[in-house]
Amino acid sequence: MLNNIMIGKYYPIRSKIHFMHPLSKIICTLLFISMLFICNSIELNLFMCALVLIMILMSHIPVKIYFKAIKSLKFLLIFIVIINYLSHATLEITIIMMLRLVLIVLYTTILTLTTPPNEITYGLEQFLSPLKLIGVKVNRIALSISLALKFIPTVIDQGNKILKSQASRGIDYDNSNFAGKFMAIKAMLFPMFALTLKRANQLADVMEVRLYNISEKRTNFRINKWKFFDTYLTLIHLALFVAIIVKEVVV
Amino acid sequence: MEIKFENVSYIYNNHTPLSKQALKNINIEFKKDKINGILGGSGSGKSTLVQLINALLVPTYGKVRINRFINQSGKKIKDINKLRFDVGLIFQFPEEQFFNNTVKKEIIFGMKYFKYKTKNIDKRCSDALKMVELDDSYLERNPFSLSSGEQRKVAIASILAFNPKVVILDEPTIGLDGSSKNNLIKLIKMLKNKYNKTIIVISHDVDMLHKISDHIFVLDKGEIVLEGTKYEVFSQPEVLDNYGIKCPKIMDFSNRVLSKKGIKIGYRDDIMDLIKDIYRYVK
Amino acid sequence: MDDIIIIKDLNFKYDNKLIFSRFDLEIKRGSFTTIVGPNGSGKSTLIKIILGLLRVNSYVNIDQSLLCDDNLKTIRRKIGVVFENPDNQFVAETVMDDIAFSLENMKYNKIEIRKKIEKFTRYLGIYDLLEREPHSLSGGEKQLVALASALVIEPKILILDEALTMVDREIKEKTYKILQELHKTESLTIINVTHDLEDSLYGDDIVVIDQGRVILKGPKELVLEEEKVFNNIGIDLPFMASLSIKLRYYDLVDKIILDMDEMVDILWK
């Protein structure tokens, strides 16, 4: 039931995308998402599709894994269709909305599949660092996001284990009516929450004892260096972004 | 209650690049009304094996007979609820699933909110507590305030409330200290002797399995490599060494006397009996 | 030999429950001590106090530094810890990054980090696991990685907090052999917290804690004589200790013998 959410699960292989500096990946992701919201025609969105496909291929990660990420969107997509139908929106708009959703999820999945959480933290910190000047606790925010990403697969694993052992106690999600399903979810969420909290506390203790200090500088042992490919890809995204703004907004 | 594995294999994520064969061609029959021990290192397939008995998993190949139920790929089990009534499976650290604020609610939760038709829920609850040697004073207590040994007993009671004929325990004594451990061992023996249940215990604690098992199955890398009574199994330390398994200390002693001095002092279950044998052979 | 850990008159309450009252403890530098006690005796709380995870107002001296907010960093640099559940200790996506974590926080440069990681992973036999994801390893491999992470900072004190309770006997014995070697060659002070008295056979000294008090302490050969004390707190004696005591009653041996082969040789000379 809970197997298919691929967010946050780092896929460790070697590819040009894996070797990129996390800051450039984050900048490209944000540029991409911004571009997507300005694209108001199906042709442009399909062009965005092509861009995403190229990046997926460059990541060398099996397409099956990306499929799993989209599969979990099916209910949302159906929801969009229904809402648009009820509000008499055109077919074009519906398709654009659906494409946007799929592309955003795909692109951010590329980011999380190719970048381990500690690199994402580092990239976010770097990206938001100008905000430090106005007193924003950048390090803290970046750490919270990165830990959340790290915990998602663990939490899902735990949820599955709990569901199984609840089934042995007669708490059976699959063979119940609506009220029963509700009770089964309650029986799963509470212990899952408690366990995750316990885990998080233990991990925080471990990090503290291992001398982690959120506000101090530390050696970042294996953060990828900013190389030519980073500049190259970032400039491409930037150029596309500017081109689309010119086309859609100015013209 | 017959539990028989016929040519059973299990492959996780079959037909995908992440596939992993957890069990290979298992052909065993668990002994009725006895305590069956399953021994093996991590990754040997122990948990997979027992999940096939209450149909939480379906075999990739082969079939598992559990009395009149057959767990086989492609065949859906009608009234699978009845199977879960008859075969109670208690996972590792069962107390991690608690979510109610009284012991009573925790035990009857499964019966109260789901389609299992059971009469006398209250009586079943008291009986279950009695089976784990806790009295009715525990009913209104908060499970989170109990000691780890008591918590484990309450978790076991919630499965016993269905009065299963077969009870499967996955690492029941893990994390418990001396007195709680001994207590639980006594409880498991009582489930067999007094309540005539068929018991299956998974553990990597050979000393504990030695104390309670009538029959032992040794799993290694998904295959049954050894089976027999505890004496038959633990009298082969060289074989067990290949699988990274040590003998229970009380039998290890007899094994060493035999291999170092050529004297066969026999196997004993109790340290006092062993002393008597040593006395006899030394004098 | 001086004391590397001194705790004097410790008083500590948690959740309105009195855990330690006028508690004293000394651990000698370079010793291998097993701290044993039933669940709820305060063992884990004690470790948290030593690590500064729980603040106390009492006298706690670690390697000649008084435990207080200003000294936490200095003290933590000298202590390596392995906790009970390896899954809750991993901070990174690969074994190599996990082991590097403490060194990064201590601001070693990249070359030094690489050298230290190689040294310790080769020593523990886990060099091939460097690029693996920690959660995908077997139970024993996980604990070895956690041990590497603790040893790589070259601590003066190594604390194992119920670290080997969930691990099977073969891996346990392998790990203890490594620890005994380290104890001898590096004069590492080792503190092993457990509720299983069999583990005390691998160390030298035993400290027994129950309900927040030290009720017994000393070399293992002497402490393991106290059958009654252990019975009262519900902890079983190790097999060899139990056997020795009973055989002595029948005049077949005259002292506690903890090594099985030695016992067999003595009985059948």
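Listed residues B:Ser235, B:Ser254, B:Ser259; which is small (Gly, Ala, Ser) and surrounded by 20 or more Cβ atoms within 10 Å (Cβ to Cβ)?
Exactly one residue qualifies, and that residue is B:Ser254.
Exactly one of (1) assigned to a loop (DSSP other than H, G, I, E, B); (2) more than 30 Å from C:Lys78 (Cα to Cα); (3) without any contact (Cβ under 8 Å) to a residue 40 or more places away in the chain is unmet by A:Trp226. Its number?
Single failed check for A:Trp226: (3).
B:Ile278 - would you say it is of a type in the set (A, V, I, L, M), within 9 Å of another protein chain (Cβ to nearest Cβ) and either part of a helix (DSSP H, G or I) or more than 30 Å from B:Lys20 (Cα to Cα) (or both)? Explain how you work it out, then say what you get.
Values: of a type in the set (A, V, I, L, M): yes; within 9 Å of another protein chain (Cβ to nearest Cβ): yes; either part of a helix (DSSP H, G or I) or more than 30 Å from B:Lys20 (Cα to Cα) (or both): yes.
So B:Ile278 passes the test.
Can you tell me which of B:Asn71, B:Asn7, B:Asn36, B:Asn25 is of a type outside the set (A, V, I, L, M), free of Cβ contacts under 8 Å to residues at least 24 places away in the same chain and assigned to a strand (DSSP E or B)? If you could, list the steps in order and put the result at the bottom.
On the way: B:Asn7 fails: free of Cβ contacts under 8 Å to residues at least 24 places away in the same chain; B:Asn36 fails: free of Cβ contacts under 8 Å to residues at least 24 places away in the same chain; B:Asn25 fails: free of Cβ contacts under 8 Å to residues at least 24 places away in the same chain.
Residue meeting the stated conditions: B:Asn71.
Out of contact with any strand residue (DSSP E or B) (no Cβ under 8 Å at 6 or more places or on another chain), under 18 Å from C:Phe90 (Cα atoms) and either within 9 Å of another protein chain (Cβ to nearest Cβ) or not in a helix (DSSP H, G or I) (or both): does that describe A:Ile214?
Against the criterion (out of contact with any strand residue (DSSP E or B) (no Cβ under 8 Å at 6 or more places or on another chain), under 18 Å from C:Phe90 (Cα atoms) and either within 9 Å of another protein chain (Cβ to nearest Cβ) or not in a helix (DSSP H, G or I) (or both)), A:Ile214 qualifies.
Might you check whether a residue that is over 27 Å from C:Ile206 (Cβ atoms) and in contact with a strand residue (DSSP E or B) (Cβ under 6 Å, 6 or more places away or on another chain) occurs anywhere in the range C:88-108? Give the derivation first.
So in the range C:88-108, the residues over 27 Å from C:Ile206 (Cβ atoms) come out as C:88, C:90-108.
If we keep only those that are in contact with a strand residue (DSSP E or B) (Cβ under 6 Å, 6 or more places away or on another chain) as well, we get none.
No, the range C:88-108 has no match at all.
Can you tell me which of A:Ile96, A:Ile38, A:Ile17, A:Ile83 is among the β-branched types (Val, Ile, Thr) and in contact with an Asp or Glu (Cβ under 6 Å, 6 or more places away or on another chain)? Reasoning before the result, please.
Values: A:Ile96 fails: in contact with an Asp or Glu (Cβ under 6 Å, 6 or more places away or on another chain); A:Ile17 fails: in contact with an Asp or Glu (Cβ under 6 Å, 6 or more places away or on another chain); A:Ile83 fails: in contact with an Asp or Glu (Cβ under 6 Å, 6 or more places away or on another chain).
Result: A:Ile38 is the single residue among A:Ile96, A:Ile38, A:Ile17, A:Ile83 that is among the β-branched types (Val, Ile, Thr) and in contact with an Asp or Glu (Cβ under 6 Å, 6 or more places away or on another chain).
Restricting to the range B:1-42, name every residue that is within 14 Å of another protein chain (Cβ to nearest Cβ), farther than 27 Å from C:Val167 by Cβ and β-branched (Val, Ile, Thr).
Matches in the range B:1-42: B:Thr16 only.
Can you name the helices (runs of 4 or more DSSP H) wholly within the range B:199-254 that have at least 2 residues being closer than 27 Å to C:Asp259 by Cβ, in contact with a Leu (Cβ under 8 Å, 6 or more places away or on another chain) and in contact (Cβ under 8 Å) with a residue 24 or more places away in the chain? Step through it out loud before you land on a result.
On the way: elements: B:206-212, B:230-234, B:237-242.
Ranges flagged: B:206-212, B:230-234.
Rundown of residues vs (1) at negative phi; (2) buried (at least 17 other Cβ atoms within 10 Å of the Cβ); (3) at the interface with chain B (Cβ under 8 Å from one of its Cβ atoms), yes/no style:
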site: C:Lys228; (1), (2), (3): yes, no, no
site: C:Leu243; (1), (2), (3): yes, yes, yes
site: C:Asp251; (1), (2), (3): no, no, no
site: C:Ile257; (1), (2), (3): yes, yes, no
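Sort out which residues of the range A:195-205 are within 7 Å of chain C (Cβ to nearest Cβ) and either under 26 Å from the mean Cα position of the chain (by Cα) or assigned to a loop (DSSP other than H, G, I, E, B) (or both), and write them in order of number. Spell out the reasoning first.
Our first condition is that a residue be within 7 Å of chain C (Cβ to nearest Cβ); within the range A:195-205, this holds for A:199, A:202-203, A:205.
Residues satisfying the conditions are A:Arg199, A:Gln202, A:Leu203.
Starting from the range A:104-118, keep only residues that are without any contact (Cβ under 8 Å) to a residue 24 or more places away in the chain and within 14 Å of chain C (Cβ to nearest Cβ), then list their pairs with residues that are polar (S, T, N, Q) and part of a helix (DSSP H, G or I) whose Cβ atoms are within a distance under 7 Å, requiring at least 6 positions of separation or different chains.
No pair meets every condition.
State whether one or more residues within the range B:165-178 are within 18 Å of B:Cys125 (Cα to Cα), at the interface with another protein chain (Cβ under 9 Å from one of its Cβ atoms), under 14 Å from the mean Cα position of the chain (by Cα) and hydrophobic (A, V, I, L, M, F, W, C).
Checking the range B:165-178: not a single residue is within 18 Å of B:Cys125 (Cα to Cα), at the interface with another protein chain (Cβ under 9 Å from one of its Cβ atoms), under 14 Å from the mean Cα position of the chain (by Cα) and hydrophobic (A, V, I, L, M, F, W, C).
If a residue must be in contact with a Ser or Thr (Cβ under 9 Å, 6 or more places away or on another chain) and aromatic (Phe, Trp, Tyr), how many such residues does the range A:48-87 contain?
2
Condition test on A:Asn84, is it farther than 30 Å from A:Gln126 by Cα and either at pLDDT below 85 or assigned to a loop (DSSP other than H, G, I, E, B) (or both)?
Numbers: farther than 30 Å from A:Gln126 by Cα: yes; either at pLDDT below 85 or assigned to a loop (DSSP other than H, G, I, E, B) (or both): no.
No: the conditions fail for A:Asn84.
Kindly state which helices (runs of 4 or more DSSP H) lie completely within the range C:1-114 and contain at least 3 residues that are without any contact (Cβ under 8 Å) to a residue 12 or more places away in the chain. Before you say what the answer is, go through the steps one by one.
Working: elements: C:43-50, C:72-76, C:95-105.
Helices (runs of 4 or more DSSP H) meeting the threshold: C:95-105.
Yes or no: the range A:154-172 includes at least one residue that is within 11 Å of chain B (Cβ to nearest Cβ), without any contact (Cβ under 8 Å) to a residue 60 or more places away in the chain, surrounded by fewer than 18 Cβ atoms within 10 Å (Cβ to Cβ) and of a type in the set (A, V, I, L, M, F, W, C).
no
Which residues, taken from the range C:148-194, are in a helix (DSSP H, G or I), hydrophobic (A, V, I, L, M, F, W, C) and away from chain B (no Cβ under 13 Å)?
Narrowing the range C:148-194 to residues in a helix (DSSP H, G or I): C:148-151, C:169-186.
Still in the running and hydrophobic (A, V, I, L, M, F, W, C): C:148, C:150-151, C:171, C:178-179, C:182.
Within the range C:148-194, C:Ala148, C:Ala150, C:Leu151, C:Ile178, C:Leu179, C:Leu182 meet the criteria.
Could you please find all residues in the range B:87-124 being away from chain A (no Cβ under 12 Å), at pLDDT below 90 and in a helix (DSSP H, G or I)?
Taking the range B:87-124 first, the residues away from chain A (no Cβ under 12 Å) are B:102-104, B:119-120, B:122-123.
Now restrict to residues that are at pLDDT below 90: B:119-120, B:122-123.
B:Asp122, B:Lys123 - these are the residues of the range B:87-124 that are away from chain A (no Cβ under 12 Å), at pLDDT below 90 and in a helix (DSSP H, G or I).
Scan the range B:12-41 residue by residue and report those that are surrounded by fewer than 18 Cβ atoms within 10 Å (Cβ to Cβ) and farther than 20 Å from B:Thr229 by Cβ.
Residues satisfying the conditions are B:Tyr12, B:Asn13, B:Asn14, B:His15, B:Thr16, B:Pro17, B:Leu18, B:Ser19, B:Lys20, B:Gln21, B:Lys24, B:Asn25.
Please specify each residue of the range A:141-182 satisfying the condition of being more than 27 Å from A:Thr109 (Cα to Cα), touching a Lys or Arg at 6+ places or on another chain (Cβ under 9 Å) and part of a helix (DSSP H, G or I).
Those that are more than 27 Å from A:Thr109 (Cα to Cα), touching a Lys or Arg at 6+ places or on another chain (Cβ under 9 Å) and part of a helix (DSSP H, G or I): A:Ala167, A:Ser168, A:Gly180.
The values are calculated or read from the model by the stated rules, or taken from the named source; none is laboratory data. Note that the coordinates shown come from a computational prediction; the quantities given were computed from them, not determined experimentally. For neighbour counting, all protein chains shown are included, and Cβ atoms are generated from backbone atoms with ideal geometry for every residue, glycine included.
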